[in-house]
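Structure record follows, encoded as structure tokens.
Just so you know, all these numbers are worked out from the coordinates, no wet-lab data involved. Bear in mind that the values here come from a model prediction, so they are computed numbers and not experimental data. As a convention, Cβ positions derive from the backbone with ideal geometry for all residues, glycine included, and neighbour counts pool all protein chains shown.
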Amino acid sequence: MDLTTPDDVVRAAAGADDVAALDAVVPQCRACPRLVAWRELVGIEKRAAFRDETYWARPVPGFGDPEASVLVVGLAPAAHGANRTGRMFTGDRSGDFLFAAMHRTGFASQATSTAADDGLTLTDIRVTAPVRCAPPANAPTPQERRTCGPYLGRELTLIGPRVVVVLGGFGWQALLTTLAEQGCAVPRPRPAFGHGAELVLTGPGGAELVLLGCFHVSQQNTFTGRLTPDMLDAVLLRARAIAGV
Ligand code: SF4
């Protein structure tokens, strides 16, 4: 499939009839030239610790339960994490922090996430991102977010989650934009992101959708204690309670 323009992305996302089809189409995408170049350069240059590994170096699809009641939305794959392993939040410290919390709160089969074939399974939860390629300096441009938006929009429609846990302000704004693009009524001015913020909307399928804000699991937050394991557990347990799972 030729996936080199924003229009190609719109068509490919709309044509995915189920989550498996969407997950199969995302890694073929080359619609953002800057991100394609960066993700592939990182995969060639590599970090010294991973020099014997073959990097995924492609867009990363969502990971987890295709019928999840809870969706976790981050920012974008990490250069030497998901861009290396091919699975969201897998292979870096952010993922270690997130999946350990999911394990403590009953969503993940194990506390560690080291490689795509490590046996980890998720129940009632799925992790995804508004931008599917690793960006330089973890900073996608507004245009790149817009180009990638149809994948998240389609994922929301196909899964129909009850709750979305949004990690960080970028994900919060990107998700609200995507929901607006899906025809959902988003309040104006837009409710601000904050840790513990809750926003009740009507989702793309017409059912109630609750957004829960959570500080991102980046090392900047977890190493400094801005986000502690107890804080993340509380958000995930709140999501579990709202979703009734
Ligand atoms: S960021 Fe999204 S739209 Fe852009 S190349 Fe990657 S997968 Fe395609």
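Please give the FRET efficiency for LEU237 paired with THR202, using the beta carbon to beta carbon distance and R0 = 25 Å, rounded to the nearest 0.05.
0.55
Mind listing the long-range amide H neighbours of VAL72? Cut-off is under 5 Å, sequence gap 5 or more, other chains count too, H placed in the peptide plane at 1.01 Å from N.
Placed amide hydrogens put ARG126, VAL127, THR128, VAL165 under 5 Å from VAL72.
Give a residue-ordered list of calculated ³J(HN,Hα) values for the range 89-95 (Karplus: 6.51 cos²θ - 1.76 cosθ + 1.60, θ = phi - 60°; whole Hz; x for Gly, Pro).
Coupling constants for the range 89-95: 6, 10, x, 8, 5, 4, x Hz.
Residue-wise, which Karplus ³J(HN,Hα) couplings in Hz belong to the range 173-179, taking 6.51 cos²θ - 1.76 cosθ + 1.60, θ = phi - 60°, and x for glycine or proline?
With the stated coefficients, the range 173-179 comes to 5, 5, 5, 4, 5, 4, 5 Hz.
Which FRET efficiency, nearest 0.05, do ALA180 and ARG11 yield, Cβ-Cβ r, R0 22 Å?
Result of the calculation: an efficiency of 0.60.
Take each of the peptides 2-13, 96-107, average the number of other beta-carbon atoms within 10 Å over its residues, and list them starting from the highest.
Result, highest mean first: 96-107, 2-13.
Arranged from highest to lowest average of other beta-carbon atoms within 10 Å per residue, in what order do the peptides 146-156, 175-185 appear? Spell out each step's value before the answer.
Values: 146-156: 24.2, 175-185: 17.7.
In descending order of packing, they fall as 146-156, 175-185.
Out of the chymotrypsin sites (Phe, Trp or Tyr not before Pro) in the range 170-231, which ones are loop residues according to DSSP with at most 13 other C-beta atoms within 10 Å?
Sparse-neighbourhood loop chymotrypsin sites (Phe, Trp or Tyr not before Pro): PHE223.
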